[in-house]
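Shown next, in structure tokens, is the structure this report addresses.
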Amino acid sequence: MDVHSSSHSQQPVIQSRPLAALMILIFGTLALVLTAAISICVGAADTSLSTVWDALFHFNTDLTQHQIIRELRIPRVLAAALTGAAFAAAGAIMQGMTRNPLADSGLLGINAGAGVLLAVCFAFFPGMSFVNLMLFSFIGAAAAAGLVFGTGAFVKGGLTPVRLVLAGAAVTALLLAISDAIAIHYQVGRELAFWLAGGMAGVEWTQIRIIWPWVLGSIIVAIMISRSITLLSLGEDIAIGLGQRTGLIKLIGTILVLILAGASVSVVGAVGFVGLIIPHIARYLVGVDYRWIIPCSAVLGALLLIVADIGARMFNPYSETPLGALIAVIGVPFFLYLAINERREL
């Protein structure tokens, strides 16, 4: 038997449900269109679907409703879809690479790291362009990730899933304290309040135009390396034995997570738990193959944030419920359930 056939015969059997994945992608996309239409219609002043249609295809600058739909509600729903997909895809990548079911950009300090540098920008560089704000978000996210994962060098036996989450919680608490101190001392609390609560209010077309190529491009690259992420999720030794360049894959995956999380935080703030919940749901539905988990997570994450944003407006139309708090109501019990079930690491 030649080497190629031998290595092929040693490929691990990866359980996946491609039919279920295709159903999620098809019906999830249809659900995205439906919920997006509902999201554009609901708000402090409800709008009919016919008015939305006219605003899209027969725009009249003299009509206030058309301006609200074009300039406020459509960018808002696009921001929810893009950032929901980004947070969920980032969580899926992290969980696959680290083999950590508790991995999420919010839990591991990446969102808080982006927030600290946003606070610095608000305090020292008021009026900074969104492009530069996004760049600083990337830098803050990278610094926080380095701080969390760097602790692995000082821990005997490396970072287990629970240790990683504990390190992330400690770093997150430190970075949030720094953000609060900057907000109080330099009186930029109002600017930071939006980031801390998380939400879609105030999203503009400029932000959408800047982030969509980054988010879409990162998800496409993640799908391209998804087979390698699947092998990493089975164990680094297995991945190396099958000829995977694990160091390169981890580097690419980390860069993708930083781009996805950094871009999302710069737009909607510190919305946590999306990257924790959605990949688990996707994995339960489609199996352990990340070629399906990543795209399905992106679709389900986009759907979750659009629905959550609708809920945030409907609970109190004139004073929105913070989106981050709404997601946390679901996310915290889910996180506790996962933590309790990780008996091997506790």
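The values are calculated or read from the model by the stated rules, or taken from the named source; none is laboratory data. Here the structure is a predicted model, which is why all the values come from computation and not from measurement. Because the Cβ atoms are built from the backbone with ideal geometry, glycine has one as well, and the counts that use them run over all protein chains shown. Ligands, DNA and RNA are stripped out before the accessible areas are found, and what is left, the full protein with its side chains, is counted by its heavy atoms. Shrake-Rupley method; radii C 1.70, N 1.55, O 1.52, S 1.80 Å.
Among the conditions (1) farther than 27 Å from Ser16 by Cβ; (2) over 18 Å from the mean Cα position of the chain (by Cα), the only one that Gly198 does not satisfy is (2). Given the condition open to solvent by less than 50 Å² (accessible area, probe 1.4 Å), at pLDDT 80 or above and either outside any helix (DSSP H, G or I) or closer than 23 Å to Val268 by Cα (or both), answer yes or no: does some residue in the range 157-169 qualify? Checked the range 157-169: at least one residue is open to solvent by less than 50 Å² (accessible area, probe 1.4 Å), at pLDDT 80 or above and either outside any helix (DSSP H, G or I) or closer than 23 Å to Val268 by Cα (or both).
Checked against (1) at pLDDT 85 or above; (2) small (Gly, Ala, Ser); (3) open to solvent by 30 Å² or more (accessible area, probe 1.4 Å), Gly243 passes all but a single condition, namely (1). Taking Ser48 as the residue in question, decide whether it is touching an Asp or Glu at 6+ places or on another chain (Cβ under 9 Å) and within 18 Å of Met314 (Cβ to Cβ). It is false that Ser48 is touching an Asp or Glu at 6+ places or on another chain (Cβ under 9 Å) and within 18 Å of Met314 (Cβ to Cβ). Inspection of the range 251-262 finds a residue satisfying the criterion of being surrounded by fewer than 22 Cβ atoms within 10 Å (Cβ to Cβ), of a type in the set (S, T, N, Q) and more than 24 Å from Ala21 (Cα to Cα). Residues in the range 39-57 that are in contact (Cβ under 8 Å) with a residue 40 or more places away in the chain, of a type outside the set (Gly, Ala, Ser) and exposed (fewer than 14 other Cβ atoms within 10 Å of the Cβ): there are none. The numbered conditions (1) surrounded by 22 or more Cβ atoms within 10 Å (Cβ to Cβ); (2) part of a helix (DSSP H, G or I); (3) modelled with pLDDT under 85; (4) in contact with a Ser or Thr (Cβ under 9 Å, 6 or more places away or on another chain) are all true for Ala92 except (3). Within the range 58-77, the set of residues being part of a helix (DSSP H, G or I), open to solvent by 70 Å² or more (accessible area, probe 1.4 Å) and either of a type in the set (Ser, Thr, Tyr) or within 30 Å of His280 (Cα to Cα) (or both) comprises Thr64 only. Taken together, the residues in the range 175-194 that are surrounded by 13 or more Cβ atoms within 10 Å (Cβ to Cβ) and either β-branched (Val, Ile, Thr) or in contact with a strand residue (DSSP E or B) (Cβ under 8 Å, 6 or more places away or on another chain) (or both) amount to 3. Mind checking whether some residue in the range 329-336 is of a type outside the set (D, E, K, R), out of contact with any Phe, Trp or Tyr (no Cβ under 6 Å at 6 or more places or on another chain) and either buried (at least 17 other Cβ atoms within 10 Å of the Cβ) or not in a helix (DSSP H, G or I) (or both)? Yes, the range 329-336 has at least one match. Of all the numbered requirements in (1) modelled with pLDDT under 90; (2) open to solvent by 70 Å² or more (accessible area, probe 1.4 Å); (3) more than 26 Å from Val165 (Cα to Cα), Asn341 misses one, and that requirement is (3). In the range 292-328, the residue that is surrounded by the fewest Cβ atoms within 10 Å (Cβ to Cβ) out of those that are in contact (Cβ under 8 Å) with a residue 12 or more places away in the chain and of a type in the set (Phe, Trp, Tyr) is Tyr318. Residues of the range 54-78 that are farther than 26 Å from Val215 by Cβ and of a type in the set (D, E, K, R): Asp54, Asp62.
Being farther than 15 Å from Arg99 by Cα, of a type outside the set (Val, Ile, Thr) and open to solvent by 20 Å² or more (accessible area, probe 1.4 Å) is the filter here; which residues of the range 268-291 pass it? Matches in the range 268-291: Ala270, Phe273, Tyr284, Leu285, Arg291.
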